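So the structure is just underneath, and the comments pick up after that.
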Amino acid sequence: MNYTVVLPAAGSGKRMKANKNKLLLELFNKPIFLYTLEVFQQDPNCESIWLAVKKDERELIETCVNQYGITKVHGYAEGGMERQDSVRACLEAIPPCGVVLVHDAARPFIDPSVISELVGTAQASGAAIAAVPVKDTIKKARDGIITETVNREQLWMIQTPQAFRYELILAAAQAAAKDGFLGTDEAMLVERLGHPVEIVESTYENVKMTTPEDLIYGKAILENRKQ
Ligand code: C5P
């Protein structure tokens, strides 16, 4: 089942404590976002890749894309203030298609078999998101005092990719913009339209490169894959 992927790549390096877009940081001499792009370049079911980038980073990113032979990039959209704005800009730029996958460019270690399950599920039911079961005990607290211990069995840590039928995610993204609703992932935008969203179990390796220690973990994953 073919799909189009939208990769928001217009963030910053604030939580990474980097003075530039963290996606441009390198793991073994290759920028982080290129590892992500290579996964989709190598997936025969991926028809086209669209990137949301900052205006002043587009030239640099386009140069890297060409240098590394990423031929499936069909277009770029200008990133916005929030991640949700960047994703919407891409969704409005892509030609209509069957299934769209939204994936953080900052998650380079996504398993291709998870992608294929997400696409199949979204094709069948409209919306599917990658997630892993919560490992730790989760508690709610107010003013530093525990108010509740939450039942872990129903809790999932949500990742990307998130896969949707094209019409559904476009409508959800545009409705959120019109209503001034800001979600923390695309699924929230679909959930508020009352549409069910299915979970596809992903891997703990699919970590988002967010804070400095994630880079250490990222390098360890790459080393382990070489063996
Ligand atoms: O900041 P965070 O890691 O949560 O961002 C997730 C993804 O969204 C990253 O790939 C980042 O580049 C992208 N992003 C974006 N536009 C923004 C903020 C983040 O494309 N305004």
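The values are calculated or read from the model by the stated rules, or taken from the named source; none is laboratory data. In this text the structure is predicted, and so the values were computed from the model without any measurement. No Cβ is skipped: glycine too gets one built from the backbone with ideal geometry, and neighbour counts run over all protein chains shown.
A few notes on this one:
- Residue within the stretch 14-28 that is within 22 Å of VAL190 (Cβ to Cβ), within 10 Å of the ligand (Cβ to nearest atom), in contact with a Ser or Thr (Cβ under 7 Å, 6 or more places away or on another chain) and at pLDDT 95 or above present: no
- The stretch 183-201 - residue that is in a loop (DSSP other than H, G, I, E, B) and within 16 Å of the ligand (Cβ to nearest atom) and, of those, farthest from GLN154 (Cα to Cα): GLY183
- Per the listing TYR3, TYR35, the residue uniquely of a type in the set (Ser, Thr, Tyr) and farther than 17 Å from ALA93 by Cα is TYR35.
- Filter pass, GLU213 being over 14 Å from the mean Cα position of the chain (by Cα), surrounded by fewer than 14 Cβ atoms within 10 Å (Cβ to Cβ) and within 16 Å of the ligand (Cβ to nearest atom): yes
- Here ALA172, ALA177 are screened, and the one residue that is among the hydrophobic types (A, V, I, L, M, F, W, C), under 25 Å from VAL5 (Cβ atoms) and without any contact (Cβ under 8 Å) to a residue 24 or more places away in the chain is ALA172.
- Inter-residue pairs, beta-carbon under 6 Å, first touching a residue at least 60 places away in the same chain (Cβ under 8 Å) and in the stretch 202-227, second part of a loop (DSSP other than H, G, I, E, B) and not hydrophobic (A, V, I, L, M, F, W, C), 6+ apart: THR203/ASP111; ASN206/ARG107; LYS208/ASP104; LYS208/ARG107; THR210/ARG15; THR211/ARG15; PRO212/LYS17; ILE221/GLU205
- Some residue of the stretch 104-111 being within 14 Å of LEU189 (Cβ to Cβ) and within 16 Å of the ligand (Cβ to nearest atom): no
- Flag if TYR76 is assigned to a strand (DSSP E or B), in contact with a helix residue (DSSP H, G or I) (Cβ under 9 Å, 6 or more places away or on another chain), over 22 Å from ALA128 (Cα atoms) and of a type in the set (Ser, Thr, Tyr): yes
- Only residues that are of a type in the set (Asp, Glu) and over 25 Å from PRO133 (Cα atoms) were counted in the stretch 145-204, giving 2.
- Meets criteria (in contact with a helix residue (DSSP H, G or I) (Cβ under 8 Å, 6 or more places away or on another chain), within 14 Å of the ligand (Cβ to nearest atom) and of a type in the set (S, T, N, Q)) for SER86: no
- Residue that is under 19 Å from LEU189 (Cβ atoms), touching a helix residue (DSSP H, G or I) at 6+ places or on another chain (Cβ under 9 Å) and either at pLDDT 95 or above or assigned to a helix (DSSP H, G or I) (or both), where the choices are VAL39, VAL65, VAL5: VAL5
- Residue match in the stretch 61-79 (condition: free of Cβ contacts under 8 Å to residues at least 24 places away in the same chain and within 12 Å of the ligand (Cβ to nearest atom)): no
- Residue that is farthest from the chain's Cα centre (by Cα), among those in the stretch 46-60 that are more than 16 Å from the ligand (Cβ to nearest atom) and buried (at least 16 other Cβ atoms within 10 Å of the Cβ): GLU47
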